1. Take the conditions within 11 Å of chain B (Cβ to nearest Cβ), under 21 Å from A:LEU307 (Cβ atoms) and touching a helix residue (DSSP H, G or I) at 6+ places or on another chain (Cβ under 9 Å) and apply them to A:ALA351. Does it pass?
2. Only one residue in A:LEU400, A:LEU390 is part of a helix (DSSP H, G or I), closer than 29 Å to A:ASP18 by Cα and in contact with a Ser or Thr (Cβ under 9 Å, 6 or more places away or on another chain), so which one is that?
3. What single numbered condition from (1) charged (D, E, K, R); (2) at pLDDT 95 or above; (3) surrounded by fewer than 19 Cβ atoms within 10 Å (Cβ to Cβ) fails to hold for A:LYS162?
4. Is it true that A:ARG321 is more than 14 Å from chain B (Cβ to nearest Cβ), farther than 23 Å from A:GLU499 by Cα and among the charged types (D, E, K, R)?
5. When region A:500-536 is examined, which residues are found to be under 16 Å from A:PRO171 (Cβ atoms) and either touching an Asp or Glu at 6+ places or on another chain (Cβ under 8 Å) or within 14 Å of chain B (Cβ to nearest Cβ) (or both)?
6. Return a yes/no flag: does region A:207-227 have any residue that is charged (D, E, K, R), closer than 26 Å to A:VAL296 by Cα and touching a helix residue (DSSP H, G or I) at 6+ places or on another chain (Cβ under 8 Å).
7. So A:PHE277 ticks every box in (1) within 14 Å of chain B (Cβ to nearest Cβ); (2) in a helix (DSSP H, G or I); (3) of a type in the set (A, V, I, L, M, F, W, C); (4) out of contact with any Ser or Thr (no Cβ under 6 Å at 6 or more places or on another chain) but one. Which box is left unticked?
8. Among the candidates A:ARG17, A:ARG47, which residue alone is crowded, with 20+ Cβ neighbours inside 10 Å and more than 24 Å from the chain's Cα centre (by Cα)?
Amino acid sequence: MTTITEKAKDLVKVDKRDGKLALAHIYVAFISLFIGGLCGLLQTLVRSGHFTLPWGIGYYQILTVHGVLLGLILTTYFIFGFQIAAVSRTAGTLTSKQRLLGWIGFWVMTVGVVMAATMVLLNEASVLYTFYAPLQAHWIFYLGLTFVIVGSWIGGAGQILKYIEWRKANPGKPSPLITFMVVINLALWIIASLGVATSVLFQLLPWSLGWVDKVDVLISRTLFWYFGHPLVYFWLLPAYMVWYVVIPKIIGGKIFSDSLARLSFVLFLLFSIPVGFHHQLTEPGISSFWKFLQVVLTLMVVIPSLLTAFSLFATFEIRGRMLGGKGIFGWLKKLPWNDARFVVPFIGMVAFIPAGAGGIINASHQMNQVIHNTIWVTGHFHLTVATSVLLTFFGAAYWLVPHLTGRVLTKEMNRLAIIQAIVWSVGMSIMSTAMHIVGLFGAPRRSDFSTYGGSAQAAEWIPYQLAQAIGGTILFIGIILALYIIANLLWFAPKGDEEFPIGEVSEHAEKTPMVFENWKIWLTICIVLILFAYTVPFIDMIQNAPPGSIGYKFW
Amino acid sequence: MSNKKEKELNLKGTLYSVGFVGVFILVTWFMAFYLFIERF
């Protein structure tokens, strides 16, 4: 039975001023979704061989727009919007100073996005989202990316300051779970983005400005992947926040264990950074010993991933049995299958099973040769970020946006949201499965349509590329549906109070030990692991540096 | 933990579900391993 105190807790609203800041981020995220998604659709059509881009637009130009806007901008902005709201909801309204930092961060990031996007749209930076040297973009593109990173540090500082303030006001108490998770995610982001900021500021900017002629490609790629892999977890952890903290409340259950959730987040912080080499397993210039070591550290993230799987299944089973579910799987039927706030992220969780399995294959050292640089990898990250993470973000947006705008998710919109997720799943199953299979046949990623001089092998790939175009088209319909729902929730839905669901911890769970809040321990281990994994290989790279490369612009 | 609590927490379904995830990971990994051995 719900007590009056519990009911009052459910009605806690995010302060309007914090809500405005969160919404500003969410607006940019969904504008990026539209433009980036449209470019994704065009890509799949071009690769089918039945469509040519008009007005001299290049394939690699739209590929860059797609990757940068969806991989870097949509994700970062939605995450920041969600995190600001989550911190404000659970640790209290931001102070004026913390909110000001949030706004400064937002505008610095947005100026950066405009700079980088303008250069990509002007075809001055078709360097794909990984912006690998020696492909050389216009210097404004790199400066724009620097602004995005620095802006995220400023905005992130506002959220961290709120956490520090809460800890000072509540000595000896564990912080609100979702605020703790936000701080872990920001720590991961700041430590990781130092790598890409170093590469952009000290290598790519001076080189693109013509101050230096050559760039060390190996170091720039290594610094990129030092950032690039934790980036994946920076996307994933907010989805885990929804799975661990929000979903139990939506289904009427409890969080299985606060300590287990914190432990898994700490393990993600420790094991998602010193692992970038598993993206460089075919890279010359790095000894196989250090690659192997980072492969081992990579596979350590299987532990918190399986802890999460266990915790979520347990939450579902306990709730389903409480509602009368019998037998081994009878509890599944009792879950709220007509509630979009649960169903949409749930599909994302299911997608993470094949996504995670694929990731283990990718990271398995020599076995990486089977899939390296094939479109299997594209299929893989469309399951992780574009299904598990994105469907969870959609599911969260369906209650977060109306919560912030003072509106409600109506029954019609709830039904449409479930249809949207089904459309997405169908489109992604077709596209991603085709990408995985044809990738195993050797079809390359990051490649315009080509018959490779009439090669028989390339001809075998074409039916799969057609399947990708069909799946991509269905996915674009999914984007239009999502935008329609979001527009409704922003401007047209009836006024009312939509809950910001925050789960409570099960009475069966053990008391949370305070060691999780001891940042000295976790940050020290994190830095030691990074130094252990990267120091010797970096010394090798510098002492045996390959000749630098001039810049190339192939577009 | 009391017996009553243990009875409340029937997690058999969770055990089977996590077991399925583990088996799925192993099966897909060995399929890819087979391809690797065939090709390299």
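1. Taking the combined requirement at face value, the residue does not satisfy it.
2. Within the list A:LEU400, A:LEU390, the selection yields A:LEU390.
3. Of everything listed in (1) charged (D, E, K, R); (2) at pLDDT 95 or above; (3) surrounded by fewer than 19 Cβ atoms within 10 Å (Cβ to Cβ), A:LYS162 misses just condition (3).
4. Numbers: more than 14 Å from chain B (Cβ to nearest Cβ): no; farther than 23 Å from A:GLU499 by Cα: yes; among the charged types (D, E, K, R): yes.
Here the answer is no, as A:ARG321 does not meet what is asked.
5. Pass one, region A:500-536, residues under 16 Å from A:PRO171 (Cβ atoms): A:512-519.
The one that is under 16 Å from A:PRO171 (Cβ atoms) and either touching an Asp or Glu at 6+ places or on another chain (Cβ under 8 Å) or within 14 Å of chain B (Cβ to nearest Cβ) (or both): A:THR512.
6. Start the filter on region A:207-227 by keeping residues that are charged (D, E, K, R), which leaves A:213-214, A:216, A:221.
Retained after the next criterion (residues that are closer than 26 Å to A:VAL296 by Cα): A:221.
Now restrict to residues that are touching a helix residue (DSSP H, G or I) at 6+ places or on another chain (Cβ under 8 Å): none.
For region A:207-227, residues charged (D, E, K, R), closer than 26 Å to A:VAL296 by Cα and touching a helix residue (DSSP H, G or I) at 6+ places or on another chain (Cβ under 8 Å): absent.
7. If we test A:PHE277 against (1) within 14 Å of chain B (Cβ to nearest Cβ); (2) in a helix (DSSP H, G or I); (3) of a type in the set (A, V, I, L, M, F, W, C); (4) out of contact with any Ser or Thr (no Cβ under 6 Å at 6 or more places or on another chain), just (1) comes out false.
8. A:ARG47
The values are calculated or read from the model by the stated rules, or taken from the named source; none is laboratory data. This structure is a prediction, so every number in the text was calculated from the model and none was measured. Please note: Cβ atoms are built from the backbone with ideal geometry, for glycine as well, and neighbour counts cover all protein chains shown.
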